[in-house]
Amino acid sequence: MNAGKSPLFLKALALSVSGILGTVTAFIIVSGIEAVIGGQGFSFFSSVWNPNAGHFGILPMIHASVLLAVSSLCVGWLLSLGCCCVMNGLAPKYIADAMMMILTVMTAMPTVVYGFAAVFLLVPVIREAFGGSGFCWLSAGMILALQSVPTMTLVMDASVRSLSSQTRITAETLGMTPAQHLCRVVLPSSSKALLSSAILGLGRCAGDALLPVMLAGNAVRFASSPLDSMRTLTAHISLVLSSDIGGGEHLSLLLSGALLLAFCGTVSIISGSIIRRRKHEA
Amino acid sequence: MKRETFIKILSWLSFFTVSFGILSLVIFLIIRGISSLNLRLIFGTVPILEAVTGARPVWDGIWPAMAGTLLLLFVTMAIVIVPGISCGLWLSCFASERGRSVVGECVNVLAGIPSIVMGLFGLEVIILLRRTFLPNGKTCLLLSAFCLAVLVMPALVTAVRSAADSVPHGLKVTAYALGMSEAQTVRHIIIPSAAPGILGGVILAMGRAMEDTAVIMLTGAVANAGLPTGLTGKFEALPFRIYYTSAQYTGAEELAQGFGTALLLLLMSETLLITARILQRRLLRKWRG
């Protein structure tokens with residue numbers, strides 16, 4: 001269709017969306033860079049966080065973010081793969097329907113509700129079972145993995161479902177069982193959807209603020225066991241409400257925000273381009 | 001181990017893990033929250049009419065938080081609806097190949113921005129405004145609504161776009177064949193046909209705006225503000241109240257109220273989701289026949 005004929009206001013409003021994105025990105029990234037330049041005395045990329053002594057290293061937070069995101073992604077991705085297979089022929093129809101219903105309900109469940117229920121259900125269980133306070137990497141990772149399942153499963157399911165319906169009859173004629181059909185035909189050819197769902201999930205896991213704040217304990221340290229408390233970048237931003245504008249704590253927030261934005265933006269671009277390339281090939 | 005066996009074990013394991021996890025959380029919430037889920041939770045001991053009109057302040061109920069959330073939702077939707085729907089329609093109906101890929105990519109990236117970063121953005125904007133031309137500016141409801149609007153914009157755009165895309169091509173071609181211009185086709189054919197899907201998208205966006213906590217906790221939500229006083233005042237909100245209770249509760253009564261609030265927010269979110277689903281399914285059925 002001809003783009004020139006569209007009503008002008010519609011085009012202007014559509015382009016304003018890109019404008020908003022540009023503003024937000026530029027604002028956060030520039031503030032982050034400014035923080036690095038203006039706060040050279042604060043040595044942000046060190047491992048010591050001690051505001052009273054003027055040490056504002058955010059390496060422990062970066063470490064915690066990476067650990068938490070990667071660990072919950074690994075668990076969550078495997079769960080999603082399983083859920084996706086359940087919905088595509090590995091289980092009886094009523095199980096598949098039940099799975100779909102559960103996932104749909106999960107998509108609308110507020111993060112704060114996950115967190116609230118977990119604080120009073122999961123945390124005491126962990127405390128009883130393993131000792132410690134219960135607010136740790138393990139609790140946050142478990143709930144984060146659970147929370148990321150519906151997003152990833154729905155991305156996988158869209159591709160797996162269409163591929164499996166295209167090839168099902170052929171596979172059945174060749175005498176393949178549903179499990180063989182999934183493992184040998186459908187999953188290998190939807191590897192790109194599986195990859196892009198993992199990348200999308202990584203962005204979600206790294207960007208979630210509420211679950212780490214509520215469940216991970218928020219101590220600034222390098223966690224070495226799943227029972228250690230940790231503070232992620234996102235939790236760091238939500239916790240430090242310092243009125244000291246321009247001071248080290250405030251600048252460290254800006255730097256954390258810029259890092260998160262850069263990471264999640266890259267992740268969206270990569271996963272988007274994988275999906276788009278798949279559409280072109282199809 | 002054979003690949004098939006592995007996948008089978010993984011599937012059943014995931015099914016049981018995910019359903020066990022989610023059911024235990026939900027059932028736990030219901031058991032602990034159902035007893036406090038009543039009008040007293042919302043209005044405390046104040047008569048409903050006086051509470052709603054603000055004649056008497058509600059101290060022991062969550063009405064201020066609920067009113068804050070409703071007003072916040074209203075303002076957010078007022079900001080986001082026109083640009084969101086227009087952008088979706090433009091992407092689906094008018095955009096050139098290049099415009100579509102550029103704007104589509106922007107929407108995609110915007111969708112990936114974590115909500116806490118959006119909150120930080122709001123905070124920085126107000127700091128910048130204080131330094132320049134609003135020396136008395138502070139975080140407020142309008143700022144929260146603006147940041148939430150940017151946050152839910154991609155969800156709305158994507159939903160509107162796919163609703164407009166799902167209108168059968170034949171219908172558009174027929175409209176052109178009858179001599180309608182593109183603008184007329186969109187106005188009289190595509191918007192009415194895609195209306196349930198567009199409405200569904202609006203409701204989904206409302207659901208996301210309602211549940212988000214990270215944005216509002218940096219941009220003006222507080223624990224004790226009473227009823228919202230206006231667009232430039234601090235406010236209470238349901239998700240923030242739940243978050244606050246989980247960390248700062250002082251007694252069994254507050255905790256019970258927290259469970260009631262969490263259950264209420266869950267029910268509200270699920271209601272919005274179900275409404276949106278019904279609308280979108282109606283749209284699909286309409287065209288598949």
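The values are calculated or read from the model by the stated rules, or taken from the named source; none is laboratory data. All of these numbers come straight from a predicted model, not from anything done at the bench. Heads up, the Cβs are rebuilt from the backbone with ideal geometry, glycines too, and the neighbour counts pull from every protein chain shown. What goes into the accessible areas is simple: the full protein's heavy atoms, side chains included, and nothing from ligands, DNA or RNA. Shrake-Rupley method; radii C 1.70, N 1.55, O 1.52, S 1.80 Å.
Summary of computed values
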item: At least 18 Å along the helix axis (C-alpha) and Kyte average at least -0.5, DSSP helices within chain B; result: B:3-33, B:63-89, B:97-112, B:115-131, B:141-165, B:191-211, B:252-288
item: Estimated inter-spin distance, residue A:219 and residue A:46, nm [label 7 Å along Cα→Cβ]; result: 2.3
item: Two-decimal log10 I(q)/I(0) for the range A:133-282, as the Debye equation yields it once each C-alpha is a single scatterer, q = 0.15 Å⁻¹; result: -0.87
item: For chain B, built as a Gaussian network whose Cα springs stay under 10 Å, the top-fluctuating residue of B:226, B:119, B:21; result: B:21
item: Sparsely packed trypsin sites (Lys or Arg not before Pro) within the range B:98-165, loop by DSSP, other Cβ within 10 Å at most 14; result: B:138
item: Cα gyration tensor category, rounded, prolate or oblate, for the range A:1-158 with a/c compared to 1.5; result: oblate
item: Kirkwood Rh, Cα atoms: Rg over Rh of chain A; result: 1.05
item: If the convex hull is drawn through the Cα atoms of the protein assembly as shown, its volume per residue in Å³; result: 177
item: Between helix A:248-281 and chain A: long-axis angle, C-alpha atoms, 0 to 90°, nearest 10; result: 20
item: Contact order normalised by residue count of the range A:66-159, Cα under 8 Å, 6+ apart, percent; result: 49
item: Heavy-atom accessible area per residue - the protein assembly as shown, 1.4 Å, Å²; result: 43
item: Over the range B:19-159, volume per residue of the alpha carbon convex hull, in Å³; result: 190
item: Chain B - Rg and Dmax from Cα coordinates, angstrom; result: 22.6, 70
item: Shape category assigned to the range B:121-279 from the gyration tensor of Cα positions, a/c cut at 1.5; result: oblate
item: Chain B - mean residue ellipticity at 222 nm from DSSP helices (-39,500 (n - 2.57) per run, n ≥ 4, rounded to 500); result: -24500 deg cm²/dmol
item: Number of partner chain Cβ atoms within 10 Å, mean per residue of A:67-79; result: 1
item: Value of Rg/Rh across the range A:71-113 [Cα atoms, Kirkwood radius]; result: 1.04
item: Contour minus Cα-Cα distance for residue B:70 and residue B:6 (0.36 nm per residue); result: 18.2 nm
item: Portion, in percent, of the accessible area of the protein assembly as shown that falls on carbon or sulfur, probe 1.4 Å; result: 66
item: FRET efficiency estimate (nearest 0.05) - Cβ-Cβ, residue B:134 to residue B:53, R0 22 angstrom; result: 0.10
item: Amide proton proximity set for residue A:56, modelled H, under 5 Å, gap of 5+; result: A:50
item: B/A buried area, accessible surface, summed, 1.4 Å probe, Å²; result: 7100
item: Radius of gyration and maximum dimension Dmax of the range A:67-229, Cα, Å; result: 18.1, 59
item: Once exposed loop chymotrypsin sites (Phe, Trp or Tyr not before Pro) are cut out (DSSP; at most 16 other Cβ, 10 Å), longest piece of chain B; result: B:134-248
item: Over the range B:1-90: Kirkwood hydrodynamic radius from C-alpha pairwise inverse distances, Å; result: 17.9
item: Residue-averaged beta-carbon neighbours from other chains (10 angstrom radius) around A:208-217; result: 4
